[in-house]
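Written out below as structure tokens is the structure these notes cover.
The values are calculated or read from the model by the stated rules, or taken from the named source; none is laboratory data. Everything numeric in this text was worked out from a predicted model, so none of it was measured. Cβ atoms come from the backbone with ideal geometry, glycine included; neighbour counts cover every protein chain shown.
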Amino acid sequence: MLPIERGLEIVMSAAKAKERPDRMPAEPVALLDSLHRILREDVLSDADSPRFDKAIRDGFAVRFEDLSQVPVELVVVGESRAGAGADVVVGQGQCCEIMTGAPLPQGANAVVMVEHTDRPAPDKVLIRKTARENEGLLRRGAEARKGERILESGRKIGLADLGLLAGAGKSTVLVSKKPRVAVIATGDELVNVDEIPQAGQIRNSNTYTICAQLREAGAEPVILGIGRDNLEDLRGKIGRGLEHDLLLVSGGVSMGKYDLVEAVFAEFGIEVLFDKIAMKPGKPTVFGHRGETFVFGLPGNPISTMVAFHMFVRPLILSLLKASNTSSEILEAKLEGSAKCDPERAALVPALVRFEAGHYRIKTAPWKGSSDLVGLARANALIMIPRRAGSLEAGDTAQFLLME
Ligand code: AMP
Ligand code: MG
């Protein structure tokens, strides 16, 4: 059985090997639609930021040298407001009323907050506090210089990035086109979400968790419905699925008599690069490719499918999207209770992490195995225990991935 790390290497190098400039091209989208997409251009600041020496307090623009002895009375020679500066030069003993965001008038080198002043007369102000040079203001270009790279291609566009893009005048943004991913759930026992299961039947939930994970990863799911456990039906659906960038088939990849997915993969000439991973849950994970299409057979059990997606499919999608970061962050927390690991397989244990009494603490979620979505829904993380690491005990540091 292949360790997780080796499986991931195989997936990522298969993605690299098929990389071509015209695969997963970039497309322009409206600024607001760019959130969480992968940026495909370097964004440069189109001007110094701020564009001018600017007040960051409401108060009075002064020469800090005039405030060596306070309180001191200064003559108010003008007003600089946001959107309209003051055409004055602040000389010795003078100041200029100023608002946040307004240009600093010539001669001034600090801004004193209005809270530290009194106004004995319209043209006089009493300053009660000294100031350091450049206090209360931001010099031109302090945040970024004109032409400086403020966002790098490959970045996942975050909340603050939208403001930065707006500030740089980018009303449209180049992002990676979403890969189209065919999703097939297999099983004779499955019925649709809006049907009442009869004896022995269950509702198809994998299609929904997989599609949600696809959207979260930045791909476009294409639902091909439920494939029945017979060769004809699977051939039809898998054949159609192979017309997409990626095909995900859930179920039918274990050792059962009616697990026919791998046989159909072989019929279609899909080159399988692995079909078992030393992890629990998620052992019967199949990965291969045919022509331009990547293919996964994901284990049917709802938790196994989600975990296998998180470990292998998500990084592949991010790689197709040309994201600079394709891996999930590994975090650490102190374990409460214990967590067990099978010696032959790495464990990925649904767990609940929370912040309490100054520390992140994690404990395994009460779950009844690979089909227990009730348990997984109460978890927000997966504890990772390496193969042969034995078990973790209370107080140990546990590594985990967030999965919400
Ligand atoms: P399989 O890998 O096809 O043997 O499926 C393993 C287990 O997962 C069985 O209990 C299936 O009923 C269940 N399962 C398979 N596909 C789905 C699905 N789409 N939604 C919910 N459960 C499923
Ligand atoms: Mg099945």
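Data for the structure
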read-out	value
In the stretch 289-347, residue farthest from Lys156 (Cα to Cα) [restricted to those that are away from ligand 1 (no atom under 16 Å from the Cβ) and of a type in the set (Phe, Trp, Tyr)]	Phe294
Matching residues, the stretch 265-276, being away from ligand 2 (no atom under 16 Å from the Cβ) and either under 30 Å from Pro343 (Cα atoms) or part of a strand (DSSP E or B) (or both)	Glu271, Val272, Leu273, Phe274, Lys276
All positions within the stretch 153-199 that are in a strand (DSSP E or B), out of contact with any His (no Cβ under 8 Å at 6 or more places or on another chain) and within 16 Å of ligand 1 (Cβ to nearest atom)	Val183, Ile184, Ala185, Thr186, Leu190, Val191
Failed condition for Ile202, given (1) surrounded by fewer than 21 Cβ atoms within 10 Å (Cβ to Cβ); (2) of a type outside the set (Lys, Arg); (3) more than 11 Å from ligand 1 (Cβ to nearest atom)	(3)
Any hit, the stretch 104-112, residues being over 42 Å from the mean Cα position of the chain (by Cα) and aliphatic (A, V, I, L, M)	yes
Residue match in the stretch 132-146 (condition: more than 16 Å from ligand 1 (Cβ to nearest atom), basic (Lys, Arg) and in contact with a Ser or Thr (Cβ under 8 Å, 6 or more places away or on another chain))	yes
Positions within the stretch 82-106 being part of a strand (DSSP E or B) and loosely packed, with under 15 Cβ neighbours inside 10 Å, in sequence order	Ala84, Val89
Hits in the stretch 179-205 (condition: touching a residue at least 60 places away in the same chain (Cβ under 8 Å) and charged (D, E, K, R))	Arg180, Asp188
Qualifying positions in the stretch 171-199 - surrounded by fewer than 20 Cβ atoms within 10 Å (Cβ to Cβ) and either of a type in the set (Lys, Arg) or under 30 Å from Asp22 (Cα atoms) (or both)	Ser171, Thr172, Leu174, Lys177, Arg180
Test result for Phe52, in contact with a Lys or Arg (Cβ under 7 Å, 6 or more places away or on another chain) and of a type in the set (Phe, Trp, Tyr)	yes
Residue within the stretch 222-231 that is touching a residue at least 24 places away in the same chain (Cβ under 8 Å), polar (S, T, N, Q) and within 9 Å of ligand 1 (Cβ to nearest atom) present	no
Count of residues meeting criterion [over 25 Å from the mean Cα position of the chain (by Cα) and of a type outside the set (Val, Ile, Thr)] in the stretch 278-296	9
Unmet requirement for Met279, which otherwise passes all of (1) farther than 29 Å from Arg20 by Cα; (2) buried (at least 21 other Cβ atoms within 10 Å of the Cβ); (3) within 16 Å of ligand 2 (Cβ to nearest atom)	(3)
Test result for Ala61, of a type outside the set (Phe, Trp, Tyr) and free of Cβ contacts under 8 Å to residues at least 24 places away in the same chain	no
Selection count, the stretch 223-264, where residues are in a helix (DSSP H, G or I), crowded, with 19+ Cβ neighbours inside 10 Å and away from ligand 2 (no atom under 15 Å from the Cβ)	1
Helices (runs of 4 or more DSSP H) fully within the stretch 290-391 counting 2 or more residues that are surrounded by fewer than 18 Cβ atoms within 10 Å (Cβ to Cβ) and at pLDDT below 95	373-377
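To keep it simple, each residue is scored yes or no on (1) within 28 Å of Val295 (Cα to Cα); (2) of a type outside the set (Gly, Ala, Ser).
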{"position": "Glu336", "(1), (2)": "no, yes"}
{"position": "Ala347", "(1), (2)": "yes, no"}
{"position": "Pro350", "(1), (2)": "yes, yes"}
{"position": "Arg354", "(1), (2)": "no, yes"}
{"position": "Ile362", "(1), (2)": "no, yes"}
{"position": "Ala365", "(1), (2)": "no, no"}
{"position": "Gly369", "(1), (2)": "yes, no"}
{"position": "Arg378", "(1), (2)": "no, yes"}
{"position": "Ala398", "(1), (2)": "no, no"}
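Yes/no per residue for (1) surrounded by 14 or more Cβ atoms within 10 Å (Cβ to Cβ); (2) acidic (Asp, Glu); (3) in contact (Cβ under 8 Å) with a residue 40 or more places away in the chain:
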residue: Ile10; (1), (2), (3): yes, no, yes
residue: Ser13; (1), (2), (3): no, no, no
residue: Glu19; (1), (2), (3): no, yes, no
residue: Ser49; (1), (2), (3): yes, no, yes
